[in-house]
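Note sheet for the following structure.
The values are calculated or read from the model by the stated rules, or taken from the named source; none is laboratory data. All figures in this text were calculated on a predicted structure; none of them were measured in a lab. Cβ: placed from backbone, ideal geometry, glycine included. Neighbour counts: every protein chain shown.
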Amino acid sequence: MDLFQIAFAFSLGFASAATPCVLPIVPGYLAFVFGSERFELLRGSLVVYLGVMTGGIALAALIGLAGGALGGKWFYGASAVILSLILIDSLFTHRIRPAPVGILKGKRGAVAGFLFGMLIIFIACPCILPLLAALSIYAITVEELAARFLLLVAYAAGLGLPFFIIGACASAGKKLIRVSRWSKAVEVPVLLATLTWIIWSLIAT
């Protein structure tokens with residue numbers, strides 16, 4: 001595996017967080033959990049970043065080990081079905097996303113911020129899932145376990161970076177909140193396109 005693949009996975013993670021239905025919620029959440037003082041926001045954003053990395057490492061280990069145990073074709077099929085169910089839930093039933101949000105509702109402090117980071121893939125799955133699905137499916141095709149692991153860890157590192165940047169530049173929060181009005185317009189077609197692609201890929205294999 002070369003550095004380009006790692007950098008590409010990192011950029012996909014960054015792009016997943018820098019979307020209209022993820023970025024606007026970050027300033028308000030950080031301010032609620034950690035307060036408005038600049039140092040606390042910076043410290044809190046670092047805690048969230050560590051949570052994102054922890055969740056990403058756990059996901060990378062799970063995908064890497066399961067892919068090796070089941071074999072590429074079987075694991076690809078199982079992953080495609082799971083991702084399709086999550087996408088359908090995000091579009092129609094809305095059962096998965098409220099669960100982690102309910103766990104964190106009203107909670108403040110470092111533990112809440114860390115858990116938010118760990119669960120961000122589920123909390124913001126409508127915007128995060130498309131690029132994560134693409135990278136995960138690609139990672140399954142990589143034979144080396146360590147390479148699969150590194151790809152997904154690089155993705156998690158990119159995914160957490162916007163949270164840290166926003167914590168360091170809290171003044172940008174109000175501008176980002178305005179972007180949220182476009183989130184639904186972007187979210188639905190992207191999810192439908194991702195679901196179509198996953199189903200087509202599953203049928204093609």
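A few remarks follow.
- Between 28, 44, the distinction of being modelled with pLDDT under 80 and under 12 Å from residue 163 (Cα atoms) belongs to 28 only.
- Filter result for residue 92 (part of a helix (DSSP H, G or I) and either among the acidic types (Asp, Glu) or modelled with pLDDT of 80 or more (or both)): no
- Residue within region 10-20 that is surrounded by fewer than 16 Cβ atoms within 10 Å (Cβ to Cβ), of a type in the set (Ser, Thr, Tyr), in contact (Cβ under 8 Å) with a residue 24 or more places away in the chain and part of a helix (DSSP H, G or I) present: yes
- Condition met for residue 111 (of a type in the set (A, V, I, L, M) and either modelled with pLDDT of 80 or more or in contact with a His (Cβ under 7 Å, 6 or more places away or on another chain) (or both)): yes
- Within region 21-46, if we keep just the residues that are part of a helix (DSSP H, G or I) and among the hydroxyl-bearing types (Ser, Thr, Tyr), the residue that is farthest from residue 147 (Cα to Cα) turns out to be 29.
- Test: residue in region 175-186 that is part of a helix (DSSP H, G or I), crowded, with 18+ Cβ neighbours inside 10 Å, at pLDDT 75 or above and touching a Pro at 6+ places or on another chain (Cβ under 8 Å): no
- Hey, residue 156 more than 18 Å from residue 52 (Cβ to Cβ), at pLDDT 75 or above, part of a helix (DSSP H, G or I) and among the small types (Gly, Ala, Ser) or not: no
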